[in-house]
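**Q** So that we are looking at the same thing, I have put the structure below in structure tokens.
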Amino acid sequence: MDKLKRVLSGRDAEEPSGLAEVIDSTSLGWGTRVKGFVACFAIGCLCSILGSCLLWIPRKGLILFAVFYTLGNIASIGSTLFLMGPMKQLKRMFEPTRLIATIIMLVSI
């Protein structure tokens with residue numbers, strides 16, 4: 001009888017799949033999400049400021065600026081993944097009202 005209930009409700013598998021176990025084990029608590037956001041955002045800001053300071057070094061300054069400023073932007077954008085989660089972040093970035101801004105930002109990076 002239990003097997004029939006599982007089949008009818010869509011939970012046919014006896015044991016949870018490996019993917020379900022990974023998803024359950026990697027879910028983060030709110031405190032961990034906030035700590036990850038703050039750490040990632042701080043690293044992003046530090047890289048951006050460092051890139052701006054390295055701009056004035058002769059010969060290699062422009063390359064160092066581009067590398068560190070790009071890493072800083074990616075880290076700052078990635079910090080919001082901790083708060084919303086990756087799929088929700090991507091869905092919101094590619095909503096029709098934000099699509100043009102997202103494309104311009106990604107091309108600029």
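Only the coordinates and a few stated rules stand behind these numbers; no lab work does. From a predicted model like this one, the values you see are computed outputs, not experimental measurements. So basically every Cβ, Gly included, is an ideal-geometry build from the backbone, and we count neighbours across all protein chains shown.
**Q** Does region 34-109 come out rounded, prolate or oblate, given a ≥ b ≥ c as the square roots of the eigenvalues of its C-alpha gyration tensor, rounded meaning a/c under 1.5 and, failing that, prolate meaning a/b above b/c? Spell out each step's value before the answer.
**A** Working: a/c = 4.27, a/b = 1.58, b/c = 2.69.
Since a/c reaches 1.5 but b/c is at least a/b, the shape of region 34-109 is classed as oblate.
**Q** Can you check what the net charge comes to around Ser79, using other residues whose Cβ is under 14 Å from the Cβ of Ser79 (Lys, Arg +1; Asp, Glu -1)?
**A** Values: positive: Arg33, Lys35; negative: none.
In short, +2.
**Q** Just to check I understand the Karplus step: with θ = phi - 60° and J = 6.51 cos²θ - 1.76 cosθ + 1.60, what whole-Hz values come out for region 94-102, glycine and proline as x?
**A** Here the 3J(HN,Hα) series is 9, 5, x, 6, 10, 4, 5, 5, 5 Hz.
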